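Below: one structure, written as structure tokens.
The values are calculated or read from the model by the stated rules, or taken from the named source; none is laboratory data. This structure is a prediction, so every number in the text was calculated from the model and none was measured. Cβ sites come from the backbone with ideal geometry, for glycine too, and all protein chains shown count toward neighbours.
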Amino acid sequence: MFRIACISYRSIIRIVLTLFPLMPLVLYAEGNVIHIYHDADVTHHFESSDAIRKGIEVALNEIDSEIEGYKVVYKQLDHRGNVVRSKNNYSLFINDPKALVVYSGLSSPPLIKNRGFINENRALTLVPWAAGGTITRYPSQSNWIFRLSIDDTQAASVILDFVLNRKRCKKPHLVIEDSPWGDSNVVSLTQYLVDKGFTGKAVHRFSWGTGSLGAGELLRNVIGANGDCMVLVGNSVESAVIINELIKLPSEQRIPVISHWGLTGGNFLEIVPASDLNKIDLSFIQTCFAFTNPHQSHLAKKVFEQVKEHSDGLIDKPGDLKSAVGFIHAYDLTRVLIQAIRQAGLSGEIESDRAAIRTALENLQHPVEGLIKTYTRPFSVFDEESNVNAHEALHRDDYCMASFGSMGEVVIFPPREQ
């Protein structure tokens, strides 16, 4: 029996966010409407999904959610981190005669596993948060996935340069989740270490749902092998479990942790209190813009005021925006999409419109000001021999290392500390 008393506040919010996007259909049923889908893991990584949603909506609010004579309606789908569920959600998108584009969420595995299906069905996909290297590298010039996010194949050098040069680690150990995203990082990180002269592969894998016992054993293996730092690739829940176990160790065994960005995508700071973070040396990769940066452009100030206005009092300062990098990427990516739609126009024939916008994304004629940077021709035609980064709007120079501040906010390291 369904009992209201059993529903948590977070569950109620998720239900509302899932149902609310359907409501505008009643209001605009008789007019021209286009649908923007968002296929994400709302259940397990609510914070990142919600941040992406906010980024899309704030960018759309700037044009009153109307473009080229069409009302834009946002539709949230929850794949719960499941590859099959995500494929089913894509089928809904493909068969919706008003569905123009679908945004991804945090998880790489659905995009990696379903990459062929997405491209074969010409499902125009925008990626604001998923780093798996193969996602945008479908071996065809007719490539339908575009990313404005961190890319594992380019991130490896940023993470490991920080490990080797800034942290002066001599025996880094890779601690990586057992998933397609983890596999992507094993390839890119180990190859970079080999290129730097490291011969042994100090790689430890862990599963989703790893508990304190498994995390403790993993740490004993790393420290027992004289690892002097840990390169962590995992999402928020498992990363938090591992960090909590590290905090329990004697201070001399708490080796530095240099992490991928997955731990910023969920409720990490609900599991690891911010007050405990000063007990360890933890840093992680992000893109270089944050609302906590000392210098804020006029656009950034204006955008954050919009965030506050649409938060019902829940967001007042930058640290209140959880998984903020998801917002930042989704906002910039939506601005790029808006420019592509204006360039291509809309005919109402959805398959033709998707194709025209895909072409426009590869050939943007005007720069687009974003939070991270101004995007001048951010995408181009993919070629696996000569242009493998064609569908990557961000590159190595756009990546920075960061840490958590005293209130749990993300603080980007200044250049001298990278």
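Of the residues making up region 54-71, at least one is outside any strand (DSSP E or B) and farther than 25 Å from LEU299 by Cβ. For ASP161, the conditions (1) surrounded by fewer than 19 Cβ atoms within 10 Å (Cβ to Cβ); (2) among the charged types (D, E, K, R); (3) not in a helix (DSSP H, G or I) are fulfilled apart from (3). The residue list GLY319, GLY326 contains one member that is at pLDDT below 95 and in a helix (DSSP H, G or I), which is GLY319. Of all residues in region 340-376, exactly one satisfies the criterion of being in a helix (DSSP H, G or I) and either in contact with a Pro (Cβ under 6 Å, 6 or more places away or on another chain) or outside the structural domain of VAL102 (by TED's automatic domain parsing) (or both), namely ILE350.
Of all residues in region 340-365, those that are free of Cβ contacts under 8 Å to residues at least 12 places away in the same chain and either surrounded by 16 or more Cβ atoms within 10 Å (Cβ to Cβ) or among the hydrophobic types (A, V, I, L, M, F, W, C) (or both) total 0. For region 310-331, the criterion of being of a type outside the set (D, E, K, R), outside the structural domain of LYS54 (by TED's automatic domain parsing) and under 21 Å from PRO414 (Cα atoms) is satisfied by no residue at all. Please go through region 309-330 and pick out each residue that is surrounded by fewer than 24 Cβ atoms within 10 Å (Cβ to Cβ) and of a type in the set (Val, Ile, Thr). Hit for region 309-330 is ILE315, nothing else. From the list PRO273, PRO250, the one residue that fits, being surrounded by fewer than 16 Cβ atoms within 10 Å (Cβ to Cβ) and modelled with pLDDT of 95 or more, is PRO250. The residues on offer are ASP195, ASP178, and the sole one that is acidic (Asp, Glu) and over 22 Å from PHE268 (Cα atoms) is ASP195.
Restricting LEU282, LEU269, LEU337, LEU299 to residues that are in contact (Cβ under 8 Å) with a residue 60 or more places away in the chain, assigned by TED's automatic domain parsing to the domain that holds ASP183 and over 19 Å from GLU47 (Cα atoms) narrows the list to LEU282. Tell me whether region 404-417 contains one or more residues that are of a type in the set (D, E, K, R), under 23 Å from the mean Cα position of the chain (by Cα) and assigned to a helix (DSSP H, G or I). Among the residues of region 404-417, not one is of a type in the set (D, E, K, R), under 23 Å from the mean Cα position of the chain (by Cα) and assigned to a helix (DSSP H, G or I), which makes the answer no. Every condition in (1) surrounded by 22 or more Cβ atoms within 10 Å (Cβ to Cβ); (2) touching a residue at least 60 places away in the same chain (Cβ under 8 Å); (3) over 20 Å from SER323 (Cβ atoms) holds for ARG166 except the one numbered (1). Contact annotation: residue pairs with Cβ atoms under 9 Å, 6 or more positions apart or on different chains, pairing a residue in region 389-418 that is under 12 Å from ASN293 (Cβ atoms) with a partner that is among the charged types (D, E, K, R) and in a loop (DSSP other than H, G, I, E, B), are GLU409/LYS317. When ILE243, ILE258 are screened for being in contact with a helix residue (DSSP H, G or I) (Cβ under 7 Å, 6 or more places away or on another chain) and buried (at least 17 other Cβ atoms within 10 Å of the Cβ), only ILE258 passes. In the set (1) part of a strand (DSSP E or B); (2) in contact with a Lys or Arg (Cβ under 6 Å, 6 or more places away or on another chain), the condition left unmet by THR136 is number (1).
If you go through region 236-283 and keep only what is within 23 Å of the chain's Cα centre (by Cα) and assigned to a loop (DSSP other than H, G, I, E, B), you end up with HIS260, GLY265, GLY266, ASN267, VAL272, PRO273. Of the numbered criteria (1) modelled with pLDDT under 95; (2) assigned to a helix (DSSP H, G or I); (3) of a type in the set (A, V, I, L, M, F, W, C), the one VAL222 fails is (1). Of everything in region 77-123 that is hydroxyl-bearing (Ser, Thr, Tyr) and assigned to a helix (DSSP H, G or I), the residue that is nearest to LEU337 (Cα to Cα) is TYR90. Considered as a group, the residues in region 101-124 that are within 25 Å of GLU177 (Cα to Cα) and aliphatic (A, V, I, L, M) include one that is surrounded by the fewest Cβ atoms within 10 Å (Cβ to Cβ), and that residue is ILE112.
There is at least one residue in region 378-385 that is assigned by TED's automatic domain parsing to the domain that holds LEU333, modelled with pLDDT of 95 or more, out of contact with any strand residue (DSSP E or B) (no Cβ under 7 Å at 6 or more places or on another chain) and closer than 14 Å to LEU337 by Cα.
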